[in-house]
1. Per residue, how large is the accessible surface of the range 73-154? Use a 1.4 angstrom probe and give square angstrom.
2. Just add up the charged neighbours of Glu230: K/R +1, D/E -1, any other residue whose Cβ is under 12 Å from the Cβ of Glu230.
3. Round to a whole angstrom and tell me the spacing of the C-alpha centers of the range 101-170 and the range 246-321.
4. What order do Glu187, Glu260 take when sorted by accessible area (1.4 Å probe), most exposed first?
5. Cα axis of helix 222-241 to longest principal axis of the chain: angle in degrees, 0 to 90, nearest 10?
6. Run the accessible area of the range 24-121 with a 1.4 Å probe and give the carbon-and-sulfur part as a rounded percent.
7. Angle between the Cα long axis of helix 252-266 and the longest principal axis of the chain, 0 to 90 degrees, nearest 10?
8. Using the per-residue mean of other Cβ atoms lying within 10 Å as a proxy for protection, in what order, highest first, do the peptides 128-134, 108-114 fall?
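The values are calculated or read from the model by the stated rules, or taken from the named source; none is laboratory data. Predicted model, so just to flag it, every value in this text is computed and none were measured. Cβ sites come from the backbone with ideal geometry, for glycine too, and all protein chains shown count toward neighbours. Protein only, heavy atoms only, side chains kept; ligands, DNA and RNA dropped before computing areas. Shrake-Rupley method; radii C 1.70, N 1.55, O 1.52, S 1.80 Å.
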Amino acid sequence: MTEVTAIAHPNFAIIKYWGKANSKTNTPAMNSISLTIDSLTSTTKISINKGSKRNIWLLNGKEQNDLGRINPVLKYLNNISRNNHGCIIKSENNFPTSAGLASSASGIASLVTAYNHFFELSMNFDQLVQASILGSGSAPRSLLGGFVILDVEDQIFTQTILEPDEWPLSIIICITDDNEKTISSREGMEISRHSSPIYLSWLDTNKKDIEIAKSAIAEKNIKRLGEVAEKNCYFMHKVMKTSSPPIKYMTDRTKNCIKEINSIRENGVDLFFTVDAGPQVKVVCRPDDINLVKERLQNKPYVLNLIEANIGSGARVIDED
Ligand code: DP6
């Protein structure tokens, strides 16, 4: 084999991770639940940089100078494979990078999956999770499809709690701005951990939100899931805003989008939204309602583009040479 290609989809957190228990091991301080998004894709090719120890990472065709996110992942993996050559990693995203669409989660999950196959490691799932988390705390969730929980309480484990076809839901991503964010999640969550006066109550609320979300998912109750997801999302953004310096990912466009979503709901449609570390708004609704929701959101001056998606599957190898 000279090259292996894997893909992974980003995931959007319904119950969110914002804050680390340990920044060296990149372990989240709380559990999270996410949805894997099928139409957004990170594709990663891996090959060997023969005769050199240097890792090279090209993202959307551009060589990256900062390998801080992927070097710990490669170090962990090289330890298992006993590889002492550099790797050449070529990643492409079919969606805006670093704009709050979880490109690092899908990028890292596809890298770990490609590496595992390239070196024929047959790593167990715990090792895949360990390798992924070193690159991004949300990356293990992109290894799997459907509704996924990442539990960090005793031992870190990741599991699908509902497969994509068990509860088909539609997702609309409202791109309100496709510029790269000025403050990364990594920096932002460290600032919040050290400075937000409500950070401890944010930690306290996690257990209860996880339990409510788990039971709403088991019941396939979109209303209950939406209530806890929006509450959790607003709380995270409040933690961000009360940090010093304040972190504001929601823009006026984001807020206008949310107003329209609330008005669609007032008209009797069950749907909910979530917003991560960027200005985009992700809407979840029943497949029967997607056209109506799309009609209400398209052609709005605060929406640049709408992307439709369904619930996706986990990271997988798609090609080898
Ligand atoms: C707001 O996983 O990108 O999307 O672990 O530092 O790489 P690092 O952070 P990252 O943060 C995700 C933050 C979030 C919420 C979530 O996805 O749970």
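1. Here the per-residue accessible area is 33 Å².
2. For residues surrounding Glu230, the net value is +4.
3. If you average the Cα positions of each part, the centres end up 23 Å apart.
4. Sorted descending by solvent-accessible area, the residues read Glu187, Glu260.
5. Once rounded, one gets 70 degrees.
6. Ligands and nucleic acids excluded, carbon and sulfur reach 48 percent.
7. 60 degrees
8. 108-114, 128-134
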